[in-house]
Each structure stands twice: as C-alpha cells, then as structure tokens.
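Asks: Dropping the structure in here first, questions after.
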Amino acid sequence: MISDLRTAPNQLTLLRLIFIPFIVIAIVDEAWGWALGLFVVAGITDNLDGLLARLLKQKTALGQYLDPIADKLLLSTLFLVLSLTHKIPWKFTVLVFSRDVGIVVTSAVLYATTSLRTFPPSMFGKANTGAQIVTLFFVLLREISEAAWVAAAKELGLWSTLVFTVASGLHYIYLVGRRLRATGSPAQPPP
C-alpha cells in the first residue's frame, strides 16, 4: 500500500485532495481568481494522473479507488460551498449529492452482500463528471467575468449537470440490476 502511494499518479491524486481546502478558502474569501486557478490546476492533475498511470505502467488498485474519491470530494465539496455562498442554486447541489450518496451506499451494500467487487464508471457517469467540471469552471469564471457568454455557459452547465446527474443515476440503477441478474447471486441477507 505504501509503495502504491509513492507512484507519481497517486501523488498527483493526493495533491488534488490537498487543493480542496485551499479552493474552499478562496471561495469563502471571495478570492475568485485564486479559486479558479486552483480548480484548473486540480483539473490538470486529474488528467495527468491517468495519463502517467498509463505511460509509466503505474496503474494500482489504490489509484483505481483513490482517483474517483478525489474527484467526488472535489466536485461535491465545491457544489456545496458554492450553494452555501449562493452561487449555485440548491436544487443542483441536492441532486448531485443525492446521486453520489446513493451510488456510494449501493456500492457498499453490494460489495458487502454479493460477489460484485468492481463498479466501473459508465459513459453517463463520465459525462456527468465532465458536465460538473465544466459547470464549476463557469460558475467560478462568472465571478470574475461579467461577459454574457460566461453567464449563458454557466446556466447551460447547470442544466446539463442536472440532466446528466439524473440520467447517470438511472443508468447506474439499470447496470446494477443487469449485473446482479448476470451473476445470479442475489444479495445475502444479513446474519
């Protein structure tokens, strides 16, 4: 486990986790340029860690769990903080959190009660993550720029996030049902 933590991709993922409180502080302090800059750097580390894992052949089991956790913590935290500061309407944040909590709880239950051990992201899940990243970028940029196209991009991003959040949540339910039927292993009742 320690050697997995020392790989370059996992170090970048840990760096992304370290950025989260600093982005939150920048938002609370209304230092929008810093918040946006740190968010962009965090996004770069997200793309770089996957690229390095492939190029350096440093894909690890830890990285497969740590990377999506870092993504979800970053995105969910920013949605929450930006709703608390009235930059994102609560309905979007509630949907994002509800979907993510639902997926985490379902995955944990399935892991504990069935033979399912992997939960790969779906195309809708990846589209949802992309929509959230783009939305957060434009929400932060809107605090720096009053350009009409930035405001329009922010609105489009928010509604795209809503659509992809619902679609990916429903798709996840469908995939879990299909995988459970394919394994033929119903959930074991608790002892």
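Asks: Over region 89-191, what relative contact order in percent results from Cα pairs under 8 Å that are six or more residues apart?
Replies: 40 percent
Asks: Another one. Test of understanding: in a Gaussian network model of the chain with alpha carbons linked when under 10 Å, which of 29, 71, 46 would top the mean-square fluctuation ranking?
Replies: Result: 29 has the largest fluctuation of those listed.
Asks: Looking at the square roots a ≥ b ≥ c of the eigenvalues of the Cα gyration tensor of the chain, which shape do they give, rounded for a/c under 1.5, prolate if a/b is larger than b/c, or oblate?
Replies: oblate
Asks: For region 64-130 and region 30-55, what is the separation of their C-alpha centers, rounded to whole Å?
Replies: Their Cα centres are 18 Å away from one another.
Asks: Considering the chain as a Gaussian network with a 10 Å cut-off on Cα pairs, which listed residue, 92, 79, 119, attains the greatest mean-square fluctuation?
Replies: The residue with the greatest mean-square fluctuation here is 119.
Asks: Under 1.5 on a/c is rounded, so check that first for region 78-151, then, if it is not, pick prolate when a/b is larger than b/c and oblate when it is not; a ≥ b ≥ c are the square roots of the alpha carbon gyration tensor eigenvalues.
Replies: Prolate.
Asks: Would you mind counting up the charge near residue 162? Only other residues with Cβ under 12 Å from its Cβ, with Lys and Arg at +1 and Asp and Glu at -1.
Replies: +1
Asks: Got a sec? How would 107, 98, 168 order by Cβ neighbour count within 10 Å, fewest to most?
Replies: 98, 107, 168
Asks: Using a Gaussian network model of the chain whose springs link C-alpha atoms within less than 10 Å, name the residue from 151, 131, 108 with the highest mean-square fluctuation.
Replies: Fluctuation is largest for 108.
Asks: In deg cm²/dmol and to the nearest 500, what is the mean residue ellipticity at 222 nm of the chain if only DSSP H runs of at least 4 residues count, each as -39500 (n - 2.57), divided by the residue total?
Replies: Helices in the chain give a 222 nm mean residue ellipticity of -28000 deg cm²/dmol.
Asks: Quick one: net charge of residue 140's neighbours, Cβ under 10 Å, K/R +1, D/E -1?
Replies: It works out to a net charge of +2.
Asks: Where Lys and Arg each count +1 and Asp and Glu each count -1, what net charge lies around residue 46 among other residues with Cβ under 11 Å from its Cβ?
Replies: -2
Coordinate-derived values only; no laboratory data. Worth saying up front: this structure is predicted, and the values here are computed from it rather than measured. Heads up, the Cβs are rebuilt from the backbone with ideal geometry, glycines too, and the neighbour counts pull from every protein chain shown.
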